[in-house]
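Take a look at the structure set out below.
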Amino acid sequence: MSLSLVQSRALLGLDAPAVTVEVHLANGLPSFTLVGLADVEVKEARERVRSAIQNSGLEFPHNKRITVNLAPADLPKDSGRFDLPIALGILAASGQIDAARLAGYEFAGELSLSGELRPVRGALAMSLALHASRVVTQLVLPPGSAEEAALVPDAQVYSARHLLDVVQHFLPQDDNAPPAEPAAGWSRVTAAPQPELVRYLDLADVKGQLGAKRALEIAAAGGHSLLLMGPPGSGKSMLAQRFAGLLPTMTTLEALQSAAVASLGGRFSLDKWAQRPTCSPHHTASAVALVGGGSPPRPGEISLAHHGVLFLDELPEFPRAALEALREPLESGVITISRAARRAEFPARFQLIGAMNPCPCGYLGSKQKVCRCTPDQVARYQSKLSGPLVDRIDLHVEVPAVPAADLLQASAGEATAVIRARCTAARERAMARQGKTNQALQGQEIDHYLLLDDAAAKFLNLAAARLGWSARSTHRALKVARTIADLAGARATQVTHVAEAMQYRRALHA
């Protein structure tokens, strides 16, 4: 009888708990049993591993009773990431590689029938988990996954193209024999050079719409959510697609967190490293697609937009359940997916940009076309957005259609880089003062850091009472006013800042 242990990792949300692959070979009726709460694709590893070992010219123990246990037994395992550790466990248990030399390594990779290693999702999350555990461990991954994992500072990551490349590195060695040369497909992976400049679409492409551009600047400076409302073709989508370029440059930690979520969803690409994501799901997306879910839980669009932008075009056309599911993440910045047997928490610190028409036909209030919708149709259309959801959106902005003559004659506006510099400076003032963006202020922090002068407080109280604002609406207007003050470089929040903030809390058309 023989027993071998190989380390790997599972993925449950952004967590990557350690999994020990135990392989036991015994005499008896030949069989290959895999236990440990494995999903279907993990159980299918039996055939992939068998074929990969045989086609690599190695010996598969056909005449043995093979038992593979994925510990801990109560942790669900999915995907093909356990193919490589299972194959190594069988080879170590049969004496074809040195089991003692596997200590200090962790493995993940899907095997083809020929023994080639294929990338797995979530490599960056695995590397982050190892970095957080502060345990010196060397991670062996297929090409494509290894480059992701190497982005984590000080990570020890190796890339292997084929099962034989890994086997050659762990062959039994004679103490007196010279060290074997590393296989051609085995290499240490270092972090790829970071791009010096991340390119976004330029806001100068949008002509006119000075009011909407000002709202985008305020939203970027303070981390606020935004609702754009206007007729078709007025430029709402163009504005939203260029919003990410106004946000400050991502820090290394923000880039790692955003990339880790993208890696879990299978969307990570090295050429998008440190680029703030803009997720634009179609309006037919379900609540699960937006917030995440499934078994095991996977991140949704709001998590894939972490530290970036979630753009929801045709906002009223989204299912009501999907829109209502956004309410808690907009406040907390996290989303917890709870199922009967498992629970996962994903980050969801995104900036929401919603776009909608004012009515079903889209031309309510337009000077170019006549709206044919009845008041009842308009009310029914706008009521698709619940009051609590609209209340959580900081800035409500009308985007009127630009006349053709103005569109052709207007010069290009300010470039994204110029506006981003102002937004970054305003956000740095907020961070130096309170350690967070103005949108994230809560409770007593609002009173402490707002620095509202007496005239502005009196003006706001009178306006809120006449307009019938809720406490949430009042607080959100105050946060926007604080951001406007930061953009102006003012220490205190004054009447002019409050007055400008109030115009962004307009109710939808009745």
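The values are calculated or read from the model by the stated rules, or taken from the named source; none is laboratory data. This is a predicted model, so every value here is computed, not measured. Methodologically, a virtual Cβ is constructed for each residue, glycine included, from the backbone with ideal geometry; neighbour enumeration extends over all protein chains shown. Surface areas here come from the heavy atoms of the whole protein model, side chains and all, with no ligands, DNA or RNA. Shrake-Rupley method; radii C 1.70, N 1.55, O 1.52, S 1.80 Å.
Any residue that is assigned to a helix (DSSP H, G or I) and open to solvent by less than 30 Å² (accessible area, probe 1.4 Å) - is there at least one of those in segment 101-109? Reasoning before the result, please.
Initial filter on segment 101-109 (assigned to a helix (DSSP H, G or I)): 101-102.
Narrowing further to those that are open to solvent by less than 30 Å² (accessible area, probe 1.4 Å): 102.
Yes: segment 101-109 contains one or more residues that are assigned to a helix (DSSP H, G or I) and open to solvent by less than 30 Å² (accessible area, probe 1.4 Å).
Which of the residues that make up segment 213-230 are more than 26 Å from the chain's Cα centre (by Cα) and either buried (at least 23 other Cβ atoms within 10 Å of the Cβ) or in a strand (DSSP E or B) (or both)? Write out each step before concluding.
Filtering segment 213-230 for residues more than 26 Å from the chain's Cα centre (by Cα) gives 214, 229-230.
Those that are more than 26 Å from the chain's Cα centre (by Cα) and either buried (at least 23 other Cβ atoms within 10 Å of the Cβ) or in a strand (DSSP E or B) (or both): 229, 230.
Determine, yes or no, whether residue 348 is of a type in the set (Gly, Ala, Ser), at negative phi and in contact (Cβ under 8 Å) with a residue 12 or more places away in the chain.
Working: of a type in the set (Gly, Ala, Ser): yes; at negative phi: yes; in contact (Cβ under 8 Å) with a residue 12 or more places away in the chain: yes.
So residue 348 fits the description; yes.
A single entry from 37, 5, 12 fulfils the requirement of being farther than 16 Å from residue 85 by Cα, modelled with pLDDT under 95 and open to solvent by 60 Å² or more (accessible area, probe 1.4 Å): 37.
Rundown of residues vs (1) farther than 24 Å from residue 145 by Cα; (2) free of Cβ contacts under 8 Å to residues at least 12 places away in the same chain; (3) not aliphatic (A, V, I, L, M), yes/no style:
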| site | (1), (2), (3) |
| --- | --- |
| 209 | yes, no, yes |
| 212 | yes, no, no |
| 220 | yes, no, no |
| 224 | yes, no, yes |
| 281 | yes, no, yes |
| 287 | yes, no, no |
| 296 | no, no, yes |
| 300 | no, no, yes |
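Would it be correct to say that residue 73 is of a type outside the set (S, T, N, Q), touching a strand residue (DSSP E or B) at 6+ places or on another chain (Cβ under 8 Å), surrounded by fewer than 24 Cβ atoms within 10 Å (Cβ to Cβ) and at negative phi? If you could, list the steps in order and put the result at the bottom.
Working: of a type outside the set (S, T, N, Q): yes; touching a strand residue (DSSP E or B) at 6+ places or on another chain (Cβ under 8 Å): yes; surrounded by fewer than 24 Cβ atoms within 10 Å (Cβ to Cβ): yes; at negative phi: yes.
When the stated conditions are applied, residue 73 passes them.
Identify, please: which residue in segment 332-363 is within 30 Å of residue 38 (Cα to Cα) and in contact with a helix residue (DSSP H, G or I) (Cβ under 7 Å, 6 or more places away or on another chain) and is, among those, surrounded by the most Cβ atoms within 10 Å (Cβ to Cβ)?
Only one residue tops the list, namely 348.
When restricted to residues that are within 10 Å of the chain's Cα centre (by Cα) and open to solvent by 10 Å² or more (accessible area, probe 1.4 Å), segment 291-305 contains 3.
Just for helices (runs of 4 or more DSSP H) wholly inside segment 373-440: which have at least 1 residues that are open to solvent by less than 30 Å² (accessible area, probe 1.4 Å)? Break it down into steps so the answer makes sense when it comes.
Numbers: elements: 375-382, 387-391, 404-409, 416-434.
Fully inside segment 373-440 and qualifying: 375-382, 387-391, 416-434.
Picking from residues in segment 444-456 that are out of contact with any Ser or Thr (no Cβ under 8 Å at 6 or more places or on another chain) and open to solvent by 50 Å² or more (accessible area, probe 1.4 Å), the one that is nearest to residue 485 (Cα to Cα) is 449. Residues that are part of a loop (DSSP other than H, G, I, E, B) and out of contact with any Leu (no Cβ under 8 Å at 6 or more places or on another chain): does segment 270-278 have at least one? Yes: one or more hits. Could you grab me the full set of residues in segment 108-143 that are in contact with a strand residue (DSSP E or B) (Cβ under 6 Å, 6 or more places away or on another chain) and among the charged types (D, E, K, R)? Matches in segment 108-143: 110, 116, 118.
Looking across 188, 134, 161, 118, one residue alone is modelled with pLDDT of 95 or more, among the basic types (Lys, Arg) and under 28 Å from the mean Cα position of the chain (by Cα). It is 118. No other residue among 416, 424, 437 is in contact with a Gly (Cβ under 7 Å, 6 or more places away or on another chain), over 27 Å from residue 234 (Cβ atoms), touching a residue at least 40 places away in the same chain (Cβ under 8 Å) and not basic (Lys, Arg) apart from 437.
Kindly evaluate residue 151 against the criterion of being at pLDDT below 95, over 29 Å from residue 12 (Cβ atoms) and part of a loop (DSSP other than H, G, I, E, B). Taking the combined requirement at face value, the residue does not satisfy it. The set of residues in segment 441-452 being part of a helix (DSSP H, G or I) and not acidic (Asp, Glu) consists of 444, 446, 448, 449, 450.
Taking the criterion of being crowded, with 17+ Cβ neighbours inside 10 Å, in contact with a Pro (Cβ under 8 Å, 6 or more places away or on another chain) and small (Gly, Ala, Ser), the residues of segment 122-175 that qualify are 129, 145, 159, 160.
Anything in segment 353-369 that is touching a residue at least 40 places away in the same chain (Cβ under 8 Å) and in a loop (DSSP other than H, G, I, E, B)? List them, or say none. Show your work before the answer.
The first filter runs over segment 353-369 and keeps only residues touching a residue at least 40 places away in the same chain (Cβ under 8 Å), leaving 353-359, 362-366, 368-369.
Matches in segment 353-369: 357, 358, 359, 362, 363, 364, 365, 366, 368, 369.
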